[in-house]
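Novice: Okay, handing you the structure first.
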Amino acid sequence: RIIGPEGEYHSETFNVGEQVEWGTISGTVTLTGSASAQSETVGFKTSLDSFSTQFPALGGSLFNACGSSFSYQAILGSQDAALDKTTVLEDVTITYLPKTEVLFYSQCVE
């Protein structure tokens, strides 16, 4: 659980041990107090295999990114100077598709 005053969170590197196609990154956000979606922001900075970085919005696609390792930085912003109405990032979900192998293929002939 990440609460806004800290501003950001750096994940550990997730290494799946093979090349995969990373799909999406999303998070569950809770607004505390009288905070609103207009005054609070949450975004992600992603890194694939330690060299390719993208900035999808919360709930964004990783744009056909392939690699074996992945890390992210969650960035929380607030326009509330007192920081008593901040965003809380409850969890993060990352999807990916492992490499598939065709075991059998048959073409129909008329």
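The values are calculated or read from the model by the stated rules, or taken from the named source; none is laboratory data. Since the model is a prediction, treat every value here as computed from it, not as a measurement. With ligands, DNA and RNA removed, areas are computed over all heavy atoms of the protein, side chains included. Shrake-Rupley method; radii C 1.70, N 1.55, O 1.52, S 1.80 Å.
Novice: Tell me, in nm to one decimal, what length is gained between L31 and E12 on full extension, where the rule is 0.36 nm per residue of separation less the Cα-Cα distance?
Specialist: Net length gain for the segment: 4.3 nm.
Novice: Kindly report, to the nearest 10 Å², the accessible surface of E8 as traced by a 1.4 Å probe over protein heavy atoms only.
Specialist: 90
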